[in-house]
Amino acid sequence: RAKSEGKDRYQFFEREMTQTTKRVFELENDLRKAVARNELRVYYQPQIQLDSQQITGMEALVRWQHPQRGLISPADFIPLAEETGLIVSIGEWVLRQACQQVAMWHDQGLPAVTVAVNLSPLQFRHKALVRNVAKTLKETGINPACLELEVTESMIMDSIDKSTATMIELTELGAGLAIDDFGTGYSSLSYLRYFPLTKLKIDKSFIERVTSDEHDAALATSVIALAHSLNLKVVAEGIEHEDQVQFLVKRSCHQGQGFLFSRPVPAEDMEQLLRQIQ
Ligand code: C2E
Ligand code: MG
Ligand code: MG
Ligand code: MG
């Protein structure tokens, strides 16, 4: 009895596994062709100067317009892209797209704003990264200071010497360097001052309860103070309510990003937002 039950369970498990595996396999196959088939989209989310409420920049966020499955969020395909190595070409594509877009807006006489592009761990370790960023900056002709690259704590704390060298090379190109999701990793604070950083992005998990949870409030306050003392810009992610803005402005957090200002939007919509600040 027990034995046959075990067998049933096993067969059930096997069937489930096969379906999941098949789905992942199909998704991986589709993802391989997504760039060539022009199915990826770059959305842009504005970053706001909190005291003046002006747009100063934006973050480029990739989406996948899948022919059958619709718009897929990065959380649902970036991990797969990372696992399969496809992230390297996807990341290069996003970078190029974002820089070309900034060049186009600049040509149209729109205000110069920065664009932040996320780097993945694999992309960050890839030997062609610096060369590729240099090439993209050169070919699109944008002011390198308009590009900001986002890395995470775990990416840079992993083989510190090598990642420091990479970061130095990237900033020597003139690009800014931000730590994304700051506070969720475990960066050793003593290293922070040796990294050629320009910005800290406070993770949205702290901002969410910044006005209701005293611990999150204390952490956000500390990160802002840390950024000030290290002479870094500081951005709060995930702002959804006005009282969060009040809290952040009071502590001199420079910039904010969140649904309160705008969700990530397609380039055409971002362009409308840029026209409003002229
Ligand atoms: P991230 O870099 O931390 O990007 C911020 C995420 O927070 C975005 O999710 C954005 O839509 C979301 N967000 C912004 N404001 C709010 C808010 O007020 N409330 C809430 N609940 N969420 C907010 P998204 O676009 O789904 O991207 C998720 C993650 O996927 C990104 O987190 C980033 O780690 C990764 N990702 C996105 N695009 C790329 C890319 O081109 N390359 C790489 N390597 N990763 C990317
Ligand atoms: Mg980011
Ligand atoms: Mg983030
Ligand atoms: Mg993130």
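The values are calculated or read from the model by the stated rules, or taken from the named source; none is laboratory data. Owing to the predicted nature of the structure, the values given are computational and were not obtained by experimental measurement. Cβ: placed from backbone, ideal geometry, glycine included. Neighbour counts: every protein chain shown. Please note that ligands, DNA and RNA were not included when accessible areas were found on the heavy atoms of the full protein model with its side chains. Shrake-Rupley method; radii C 1.70, N 1.55, O 1.52, S 1.80 Å.
Numbers for the structure displayed
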read-out	value
Of all DSSP beta bridges in region 1-146, antiparallel share, percent nearest 5	75
List Tyr194, Tyr44, ordered by accessible area with a 1.4 Å probe, largest first	Tyr194, Tyr44
Note, ³J(HN,Hα) from phi for region 109-124, Karplus 6.51, -1.76, 1.60, rounded to Hz, x at Gly and Pro	x, 6, x, 6, 10, 8, 10, 9, 10, 6, 9, 8, x, 5, 4, 5
DSSP beta bridges in the chain [antiparallel fraction, %, rounded to 5]	45
Amide H contacts of Glu150 (H built 1.01 Å from N, under 5 Å, at least 5 apart or other chain)	Val117, Asn118, Leu119, Ala178
His254 accessible area, 1.4 Å probe, all protein chains in place, Å² to nearest 10	40
Mean ellipticity per residue at 222 nm, deg cm²/dmol - from DSSP H runs of n ≥ 4 across the chain, formula -39500 (n - 2.57)	-15500 deg cm²/dmol
Sites Ser188 and Thr164 - FRET efficiency at Förster radius 22 Å, r taken between beta-carbons, to 0.05	0.95
Under 29 Å from Lys135, Cα to Cα: lysines that are on another chain or at least 8 residues apart	Lys33, Lys127, Lys162, Lys199, Lys201, Lys233
Residue-normalised accessible area of the chain, given per residue in Å² at a 1.4 Å probe	53
Nonlocal amide H pairs with Lys233, under 5 Å, H built at 1.01 Å	Lys199, Leu200
